[in-house]
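J.: Below is a structure I'd like to ask you about.
Read the figures in this text as sums done on the coordinates, not as results from a lab. Keep in mind it's a predicted model, so treat the numbers as computed, not measured. Glycine also receives a Cβ, built like all others from the backbone with ideal geometry; neighbour counts cover every protein chain displayed.
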Amino acid sequence: MDFVPSNATPLSRGAGSAASPLGWPKSQCRCQRQEHEAINSIKMYTVDLEFRSARAESNSRVTMIIRESQIDELERHAQQNFRSRLAAYLRTHLPDQTRTMNDNQLDETIREAQAQAEPYGIVSERGIAKWCYLYLALGSAFHRQHETNEYLRRDVPRPDQKVDNLMRALAIRLQSREANA
């Protein structure tokens, strides 16, 4: 491990509910990340981790260097994990729409829906999950309907609030349909 000055910016602070990476129960972790200039065309980051045990008065500090390729791999894994969890949710809550899709087809559908949502500023996991629900429930072109498209292109409300409002509108529409049936 290389020593790197601790002038990094905080990424997160939080208390762990399980054992920490060092095996301490209920420890607190502070993580800082700093980008460094490329060395041999490889962008490097340092991550300072500071653990404080609930049982001990001392702190332990670990400094790691993470290459951009490693961060890319972590991001790829996080995206794959998200799509897997979302696929399970969609199979549970939209069985009619997902029944004929195998896992690869559903994953590709989620990717397509995610790509549709991003230009509207919908990038959070929660927002993308709702967008995927709408995509499957209403059809892949739901966002192209004139009123919906105008609404999505407005500056306010925030993008996630817009998709929440679209979900509410769908729920009201379904309740109305059930009441009239």
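J.: Has the range 125-134 got at least one residue that is touching an Asp or Glu at 6+ places or on another chain (Cβ under 7 Å) and loosely packed, with under 15 Cβ neighbours inside 10 Å?
T.: Scanning the range 125-134 turns up at least one residue that is touching an Asp or Glu at 6+ places or on another chain (Cβ under 7 Å) and loosely packed, with under 15 Cβ neighbours inside 10 Å.
J.: Tally time: how many residues in the range 131-165 are more than 20 Å from the chain's Cα centre (by Cα), under 19 Å from residue 90 (Cβ atoms) and in a helix (DSSP H, G or I)?
T.: Count: 4.
J.: I've got another one for you. Within the range 64-98, restricting attention to residues that are in contact (Cβ under 8 Å) with a residue 40 or more places away in the chain and not polar (S, T, N, Q), which residue is surrounded by the most Cβ atoms within 10 Å (Cβ to Cβ)?
T.: If we take residues in the range 64-98 being in contact (Cβ under 8 Å) with a residue 40 or more places away in the chain and not polar (S, T, N, Q), then 90 is surrounded by the most Cβ atoms within 10 Å (Cβ to Cβ).
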